[in-house]
Amino acid sequence: MEWMAILLFISIILILLLGYPVAFSLAGTSLIFSFIGIASGSFEQAFLTGLPNRIYGIMTNTTLLAVPLFIFMGITLEKSHIAEDLLDSLSNLFWRFKGSLGIAVTMIGMLLAASTGIVGATVVTMGLLALPTMLNKGYSAEISTGTICAAGTLGQIIPPSIVLVMLGDVISSSYQYAQLTQGNFAPRTVSVGDLFAGALLPGICLVVLYLLYISVVGIFKPNMVPHKPQQKPTNQNIKKMLTSLFAPLFLIFSVLGSILLGFATPTEAAGIGASGALIISSMKGTLTYFKLTEVMQSTVKISSMIFFILIGASIFSLVFRGFGGDEIIREFLLNLPGDKFFAILVVMAAIFLLGFVLDFIEITFVVVPIIAPILLMMDIDPIWLGIMIAINLQTSFLTPPFGFALFYLRGVAPESIKTQQIYRGVMPFVAIQILMLIILSIFPALVTWLPNYIYN
């Protein structure tokens, strides 16, 4: 029975690598294996009776309603072209600093991450706007492409993040399952708001590390990041900068503040964000019937993809457990030398390596539900574990050959930019993300302090 679980996991990985749709690959392969298992007597048919309840649970999960709302907010803001104004304003703000344009791109990535949370939109937008400007100003292709890709992926960790919403639901279910397995029939819960609070300081630290790297390159390798003295911004420029910053910052504080201060649930805050995005777009004069229709269609397509994957992953998880796969992984992790530290190290390394071939949605819904309950049974803080996984998943957007941020930028970059240059450009930022994981493993309070301060 147990070897069927391993074969199921390997088969799904191979099928995904062949490019078949994720949701149908997960559900179809799992059901085929379950039927083979029933025929051979290695799988209990009773496990499949739990499928309707699982699917109904996904349909009635109010937390997951935040996903389409945040997607709607992000696409609306992306269509309102706020990035253009921000690039011009922030490059003027940091006119004194070496690498001012790189700093501006990183800061815009942070702001767009906190207001849209959509990696593809951010990378494509900044690739179209900032990349030609950076190249014209003498920035090397490596530092330009690396900065844009890394800044675009900040939407993975800086709240409100769609990844954190999905991870929050998975971690919450895993945490309750772990406690029930240990005999605690009044389990504590973990909310998406907890993950938002836990991700705030690590997200800011990651931005600071990016900025330090760009500044250091500007000092020691000025040929890669040339600094040409600019004129001090005029009062008119400062006014324009403040005007362009006000709307996205107000929206960010409204959404994130309402969650952290307990005024709204993540789903309610997502509704606030969607409404605010419509207001901002209307004020900028970009809210037309055609664009609204386009935004709504894109939201439905992306949301449908995510929820179909979630249903497929739920079927896979059920069949995998039916074959005893969770017991295999549990025994493997528990028998590792070095107790829970080595177990976490192995899991993080596995997620990092899987990020080379799978995207974050597949890892979130396929891998995390398998390993999270086992790690949480080792008395690992669920918020800390969720943020560690989120930052690790962030690297999957940058790691060659299948990093989606690389694909997005490759699609809009000029032909003079070689793919190898993009790969070389992102490597330092991947190293920074790994460094961030090491820092959080040494100082877990960077994750746990704020949630404990707010909610306790």
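Taking the stretch 1-84 as the region of interest, the helices (runs of 4 or more DSSP H) fully inside it that hold 2 or more residues being of a type in the set (Val, Ile, Thr) and within 21 Å of the chain's Cα centre (by Cα) are 66-79. So for the stretch 100-115 (the condition being modelled with pLDDT under 75, outside any helix (DSSP H, G or I) and over 22 Å from Leu200 (Cβ atoms)), does at least one residue qualify? The answer is no; no qualifying residue exists. Taken as a whole, the structure leaves Ile422 outside the set of residues that are crowded, with 16+ Cβ neighbours inside 10 Å and part of a loop (DSSP other than H, G, I, E, B).
The combined condition, being more than 16 Å from the chain's Cα centre (by Cα), assigned to a helix (DSSP H, G or I) and surrounded by fewer than 22 Cβ atoms within 10 Å (Cβ to Cβ), is fulfilled by Gly411. Please work out if Thr395 is under 30 Å from Thr145 (Cβ atoms) and polar (S, T, N, Q). Answer is yes for this residue.
The one condition from (1) over 18 Å from Ala178 (Cα atoms); (2) assigned to a helix (DSSP H, G or I) that Phe356 does not meet is (2).
Please determine whether any residue of the stretch 371-378 is in a loop (DSSP other than H, G, I, E, B) and buried (at least 21 other Cβ atoms within 10 Å of the Cβ). Lay out the reasoning, then the answer.
At the first step, the residues of the stretch 371-378 found to be in a loop (DSSP other than H, G, I, E, B) are 377-378.
Cutting the leftovers down to buried (at least 21 other Cβ atoms within 10 Å of the Cβ) gives us none.
Within the stretch 371-378 (the criterion being in a loop (DSSP other than H, G, I, E, B) and buried (at least 21 other Cβ atoms within 10 Å of the Cβ)), the answer is no, since none of the residues qualifies.
Tell me yes or no: at least one residue of the stretch 139-151 is assigned to a loop (DSSP other than H, G, I, E, B), free of Cβ contacts under 8 Å to residues at least 24 places away in the same chain and among the aromatic types (Phe, Trp, Tyr). Within the stretch 139-151, none of the residues are assigned to a loop (DSSP other than H, G, I, E, B), free of Cβ contacts under 8 Å to residues at least 24 places away in the same chain and among the aromatic types (Phe, Trp, Tyr).
Scanning the stretch 361-372 for residues that are closer than 24 Å to Ile311 by Cβ and of a type in the set (Asp, Glu) turns up at least one hit. The residue that is surrounded by the most Cβ atoms within 10 Å (Cβ to Cβ), counting only those in the stretch 155-209 that are β-branched (Val, Ile, Thr) and assigned to a loop (DSSP other than H, G, I, E, B), is Ile158. Scanning the stretch 327-346 for residues that are surrounded by fewer than 13 Cβ atoms within 10 Å (Cβ to Cβ) and in contact (Cβ under 8 Å) with a residue 24 or more places away in the chain returns a single hit, Asp339.
Under the condition of being touching a helix residue (DSSP H, G or I) at 6+ places or on another chain (Cβ under 7 Å) and of a type in the set (A, V, I, L, M, F, W, C), which residue from the stretch 283-306 is surrounded by the most Cβ atoms within 10 Å (Cβ to Cβ)? Only one residue fits best here, namely Val295. Pairs are defined by a Cβ separation below 8 Å, a sequence spacing of at least 6 or placement on different chains, a first member in the stretch 241-258 that is closer than 14 Å to Pro160 by Cβ, and a second member that is surrounded by fewer than 14 Cβ atoms within 10 Å (Cβ to Cβ) and at pLDDT 75 or above; the pairs so defined are Gly257/Phe263.
The values are calculated or read from the model by the stated rules, or taken from the named source; none is laboratory data. Since the structure is predicted, the reported quantities are computational estimates derived from the model, not experimental observations. Counting neighbours? That spans all protein chains shown, and the Cβs are built from the backbone with ideal geometry, glycine included.
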